[in-house]
Every structure is written in C-alpha cells, then in structure tokens.
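Novice: Please find one structure pasted underneath; my questions will follow.
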Amino acid sequence: MHKRTHARENFSECEQCDKIFAQNSDLQNHKRPQIVGKIYKRNKYGKSFTQQRYLEMHEETHTQVKPYEYNNCDKTFISHSNLHTHKTPCSEEKPYEYNLFGKTFTHHSHFKSHEKTHTGEKHYECNQCSKAVARPSHLQTHKRTHTGEKPYECNQCGKAFAKHNNLQRHRRTHTGEKPYECNQCGKAFSYQKSLQIHKRTHTGEKPYDCNQCGKAFAQHITLQDHKRTHTGEKPYECNQCGKAFAKRSSLQTHKRTHTGEKPYECNQCGKAFAYQSILKIHKRTHTGEKPYECNQCGKAFANRSNLQTHKRTHTGEKPHECNQCGKAFAKGSNLQTHKRTHTGEKPYECNQCGKTFAYNSNLRSHKRTHTGEKPYECYHCGKAYVKNSHLQNHKRTHTGEKPYECNQCGKAFDQNSQFQAHKGIHTGKNFLKYNQC
C-alpha cells in the first residue's frame with residue numbers, strides 16, 4: 001500500500017469532490033461528514049470534527065506547536081500531511097499536467113480544481129441565493145456574505161475579515177512587508193496582484209478593452225472608470241455638498257475642499273498641497289524644470305495647462321466667453337476676473353484699512369501705501385513708484401514717447417488720462433481740465 005505513494009496509481013477517488021486517497025479507509029473517513037456528521041467537539045470554541053485525530057491536530061493550531069520541520073528550508077508545520085504537501089513546491093516537482101494548455105500542478109486536488117475552470121463545473125450551491133461555486137471552501141467563504149461572519153481578526157488593530165488570505169494581506173500594512181519583487185526593476189509590492197499589474201508597465205500589456213471605443217487598459221478598475229465616460233454614470237457622491245464623481249479617487253480628492261486637508265508636502269520649502277499632481281508641478285519651481293515646450297516658438301512651461309493657454313496666443317482662440325457682454329478670453333481665470341466688472345464683487349480686502357478690491361494685484365499695490373514700498377525704480381533718474389504702470393508713464397518724460405493720438409485732430413499725449421480728457425473738446429463733454437505740457 002505504501003508503494004502507491006511513489007507509483008501514484010490505484011488511488012481511491014471521492015465521486016463528489018474528486019479528492020483522491022492512497023487508502024480506501026482514508027476515503028471512507030473523508031465521506032463521514034456526509035454520513036454521520038461531526039462527532040468530536042472542542043469544548044472551548046465548539047468546533048466539531050469527524051475524527052479524533054482531526055480534533056487533536058486542530059488543538060495544535062491553538063498551542064502553535066509545529067513539530068514537523070523540513071530540512072531544506074527550515075520551515076515547520078503542525079501536521080505531517082502539511083509537511084508532505086509543502087515538500088512538493090520546494091522540490092519544484094509538478095507531476096500533474098493539464099493537457100489542453102500544458103499547465104502543471106504540485107497536487108492532484110489543485111489539478112482537479114483548475115480543470116473545473118475550463119469545464120465550468122460548479123457542484124456546490126448556496127442554499128440562500130443559489131449561487132454555485134467549484135469548491136467546498138469557496139462555498140463556505142461565500143456563505144459569510146450572508147451571515148456577515150468575519151472569523152479572522154487582526155491581533156494588532158482588531159480589524160476582522162471573512163477570508164484568511166485577506167487577513168494575511170492586511171497584516172502587511174502593519175509590518176511593511178513587501179514580499180513580491182519585480183525581477184526587472186526591483187520594485188517590491190505587498191500584494192501579488194499589484195506586482196502583476198506593475199509588470200504591465202514593462203510589457204505594455206493592456207488586456208482590458210472597452211467594447212464601445214476599443215481603448216485598452218492595463219487594469220480592470222481603470223476600464224470600469226473609463227466606461228463611465230460613455231454612460232455618464234457618477235456613482236460616488238459627496239455627502240456634504242452632493243457633488244457626484246465617476247471615480248472613487250476623485251471623490252476622495254474632492255473631500256479635501258471641505259476638510260482643508262493638504263497631505264502632500266514639499267520636502268524643500270514645506271509648502272503643503274491637497275493634490276499630489278500640484279505638488280509635482282510645484283517642485284519644478286525649485287528645479288527649474290519646464291518639460292512642456294511650444295512647438296511653434298520653443299517657449300517652455302512647467303505644467304501642461306500653461307502650455308495649452310500659451311498656444312492660444314498663436315491661434316487667437318478665446319474659448320471663455322462672458323455670458324453677459326459676450327467678451328471672450330483665452331484663460332478661464334481672466335473670464336472669472338472680468339465677471340466682477342458686472343457683479344461689482346471685490347473679494348480682496350486690505351487687513352489694515354478694510355478697503356476692498358476686485359483684483360489681487362490691486363490689493364498688493366494698495367498695501368504699499370501703508371508700507372511705503374516703491375519697488376519700481378527709473379534707471380534714468382532713480383525715481384521710484386508704487387506701481388509698474390506709473391513707472392512706464394514716467395519713462396516717457398525721458399523718451400518723449402506719446403503713444404496716445406487723437407484720430408480727429410492728430411494731437412498726441414504721453415498719458416492715457418490726458419488723452420481721455422482731450423477727447424471732451426471734440427465731443428462737448430465736460431471733462432476735468434488737464435495740463436497740456
């Protein structure tokens with residue numbers, strides 16, 4: 001009978017779950033749960049077993065005694081059967097091959113389970129929702145979706161899970177363990193699935209295709225997000241303002257507008273940002289990097305949006321139009337500023353005298369009346385001014401330039417205010433007198 005374990009022949013197979021046994025007595029013991037139920041019970045937790053030896057083996061999971069050691073890798077096990085199961089992966093022997101695709105397996109039970117993925121065979125049905133699964137263990141796990149049972153609890157934070165492998169993955173958030181390493185770039189991951197997704201950055205593989213536009217994606221979740229661009233679905237809604245989003249990540253980012261949270265901090269100047277993308281752009285103010293270059297004039301920019309706005313200086317495009325007067329602007333920010341001429345809004349207030357302004361630049365200029373600062377100096381005579389526009393007007397006293405010309409009499413002026421006053425002579429409007437010289 002022992003020789004069968006080497007020859008792998010004359011096994012006894014369970015006709016219900018395809019599990020195989022070297023001895024018929026083991027098969028009969030395996031069938032006992034279907035015949036007589038579970039008769040050996042552990043008093044402390046109430047878990048039941050079909051055989052006394054299974055109860056004894058289970059008791060050892062609580063004592064953490066692992067008497068069976070594998071010499072090749074020093075790993076220890078609670079039972080001899082677990083040791084035997086482990087030996088095959090260590091030896092890299094995979095004797096069970098699936099003929100259709102040539103995939104090999106270390107254990108016959110794994111082979112039979114895999115076979116069902118091709119046949120679609122699902123013998124185990126949930127008695128609550130009729131969902132069918134291929135394995136008994138999958139059925140037990142599925143039933144927890146109905147009962148809410150989460151038997152696997154983290155001993156560090158108390159979080160509980162329905163699946164043991166989810167607990168194992170969760171523990172890595174405490175330990176920082178990243179056992180899955182990319183063999184191309186060395187980057188390590190906590191989860192095998194994350195490694196598989198990462199590898200596509202090297203291979204360029206994009207297995208998930210949109211059935212509407214044909215666009216392909218490396219991750220299934222990215223495809224799901226993309227599909228909403230076709231359907232217009234926005235399932236993620238802010239519980240504070242009701243704004244809805246197509247992506248969960250977009251909702252999480254939006255919530256920071258309510259909380260004021262700025263988790264992304266510059267390690268050079270300490271400035272914090274709500275969005276990682278803005279931090280990345282900000283860092284270029286330190287490095288001087290300008291990766292976005294205009295293909296018409298060669299001017300470079302730190303962020304893509306500034307390049308797009310700049311390109312309108314070549315095309316003349318002004319897509320942002322005022323819905324009150326029809327005036328159009330190349331920048332959305334300029335339109336928002338312009339709208340204040342209609343609303344009279346002055347959101348910028350001086351914290352010294354309370355005077356308000358429609359534009360932030362005007363507030364900055366005004367503050368200099370309190371500080372006495374005059375940053376704009378004439379390089380001809382050294383005279384300084386609060387505003388750059390005042391300096392430009394002054395420079396014309398040196399150059400003699402008179403850019404403002406009357407189209408009725410041809411008289412020219414060096415300042416716009418003088419030109420506007422002069423127009424009253426022709427129109428008959430009562431303007432304040434001005435000094436012609």
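Novice: Could you list, in sequence order, the residues of segment 289-320 that are of a type in the set (Lys, Arg), within 17 Å of Ser333 (Cα to Cα) and under 32 Å from the mean Cα position of the chain (by Cα)? Please lay out each step first, then the result.
Specialist: From segment 289-320, those of a type in the set (Lys, Arg) are 290, 299, 304, 311-312, 318; that's our starting set.
After this cut, where a residue has to be within 17 Å of Ser333 (Cα to Cα) as well, the list is 304, 311-312, 318.
The answer is Arg304, Lys311, Arg312.
Novice: Also, I was wondering about something else. Counting just the residues of segment 362-378 that are over 18 Å from Asn393 (Cα atoms) and polar (S, T, N, Q), which one comes out surrounded by the most Cβ atoms within 10 Å (Cβ to Cβ)? Give the derivation first.
Specialist: Looking only at segment 362-378, we keep the residues that are over 18 Å from Asn393 (Cα atoms), and these are 363-364, 366-373.
Next, from what is left, pick out any that are polar (S, T, N, Q): 369, 371.
On the way: Thr369: 13, Thr371: 9.
Here the residue is Thr369.
Novice: In a loop (DSSP other than H, G, I, E, B) and either charged (D, E, K, R) or without any contact (Cβ under 8 Å) to a residue 24 or more places away in the chain (or both): is that true of Asn306 in this structure?
Specialist: Values: in a loop (DSSP other than H, G, I, E, B): no; either charged (D, E, K, R) or without any contact (Cβ under 8 Å) to a residue 24 or more places away in the chain (or both): yes.
The answer is no for Asn306.
Novice: Only residues that are among the β-branched types (Val, Ile, Thr) and loosely packed, with under 14 Cβ neighbours inside 10 Å: list them for segment 279-315, please. Give the steps one after another, and end with the answer.
Specialist: Just the residues of segment 279-315 that are among the β-branched types (Val, Ile, Thr), to begin with: 281, 285, 287, 309, 313, 315.
Thr285, Thr287, Thr313, Thr315 - these are the residues of segment 279-315 that are among the β-branched types (Val, Ile, Thr) and loosely packed, with under 14 Cβ neighbours inside 10 Å.
Novice: What pairs come out if I take residues in segment 130-145 that are surrounded by fewer than 16 Cβ atoms within 10 Å (Cβ to Cβ) and pair them with residues that are among the aromatic types (Phe, Trp, Tyr) whose C-beta lies under 6 Å away, six or more apart or interchain?
Specialist: These pairs meet every condition: Pro136/Tyr124.
Novice: Please state which one of His226, His170 is within 17 Å of the chain's Cα centre (by Cα) and surrounded by 14 or more Cβ atoms within 10 Å (Cβ to Cβ). Outline the logic, then answer.
Specialist: Working: His170 fails: within 17 Å of the chain's Cα centre (by Cα).
Going through His226, His170 in turn, just one is within 17 Å of the chain's Cα centre (by Cα) and surrounded by 14 or more Cβ atoms within 10 Å (Cβ to Cβ): His226.
Novice: Something else now. Taking the condition of being under 26 Å from Gln336 (Cβ atoms) and acidic (Asp, Glu), how many residues in segment 349-394 meet it?
Specialist: 1
Novice: Something else now. Are any residues in segment 131-170 modelled with pLDDT under 85 and either farther than 25 Å from Ser190 by Cβ or assigned by TED's automatic domain parsing to the domain that holds Ser190 (or both), and if so, which ones?
Specialist: Those that are modelled with pLDDT under 85 and either farther than 25 Å from Ser190 by Cβ or assigned by TED's automatic domain parsing to the domain that holds Ser190 (or both): Val133, Ala134, Arg135, Pro136.
Novice: For segment 317-355, how many residues are closer than 28 Å to Gly288 by Cα and in a loop (DSSP other than H, G, I, E, B)?
Specialist: Just the residues of segment 317-355 that are closer than 28 Å to Gly288 by Cα, to begin with: 330-334.
From the residues that got through so far, the ones that are in a loop (DSSP other than H, G, I, E, B) too are 330-331.
So the answer is 2.
Novice: Quick check on Cys269: is it touching a helix residue (DSSP H, G or I) at 6+ places or on another chain (Cβ under 8 Å), modelled with pLDDT of 90 or more and more than 27 Å from Ala244 (Cα to Cα)?
Specialist: Working: touching a helix residue (DSSP H, G or I) at 6+ places or on another chain (Cβ under 8 Å): yes; modelled with pLDDT of 90 or more: yes; more than 27 Å from Ala244 (Cα to Cα): yes.
Yes; evaluated as a whole, the condition is true for this residue.
Novice: Give Tyr208, Tyr191 a once-over and let me know the one that is surrounded by 13 or more Cβ atoms within 10 Å (Cβ to Cβ) and either at pLDDT 90 or above or at positive phi (or both).
Specialist: Only one candidate passes the filter, namely Tyr208.
Novice: List pairs: first residue in segment 218-229 and more than 14 Å from Phe245 (Cβ to Cβ), second residue of a type in the set (A, V, I, L, M) anywhere in the structure, Cβ distance under 7 angstrom, at least six positions apart or on different chains.
Specialist: So the pair list comes out as Ala218/Ile197; Gln219/Ile197.
Novice: Looking at (1) under 16 Å from the mean Cα position of the chain (by Cα); (2) over 25 Å from Arg172 (Cα atoms), which one does Asn239 not meet, given that it meets all the others?
Specialist: Evaluating Asn239 over (1) under 16 Å from the mean Cα position of the chain (by Cα); (2) over 25 Å from Arg172 (Cα atoms) leaves (1) as the failure.
Novice: Oh, and also: Quick check: anything in segment 175-184 within 18 Å of the chain's Cα centre (by Cα), exposed (fewer than 14 other Cβ atoms within 10 Å of the Cβ) and of a type outside the set (Phe, Trp, Tyr)?
Specialist: The answer is no, given that none of the residues of segment 175-184 is within 18 Å of the chain's Cα centre (by Cα), exposed (fewer than 14 other Cβ atoms within 10 Å of the Cβ) and of a type outside the set (Phe, Trp, Tyr).
Novice: While we're on this one: Out of Leu83, Leu100, report the one residue that is in contact with a strand residue (DSSP E or B) (Cβ under 9 Å, 6 or more places away or on another chain), over 28 Å from Ser194 (Cα atoms), at pLDDT below 85 and of a type in the set (A, V, I, L, M, F, W, C).
Specialist: Numbers: Leu100 fails: in contact with a strand residue (DSSP E or B) (Cβ under 9 Å, 6 or more places away or on another chain).
The conditions single out Leu83.
The values are calculated or read from the model by the stated rules, or taken from the named source; none is laboratory data. Model, not experiment: these values are computed from the prediction. Cβ: placed from backbone, ideal geometry, glycine included. Neighbour counts: every protein chain shown.
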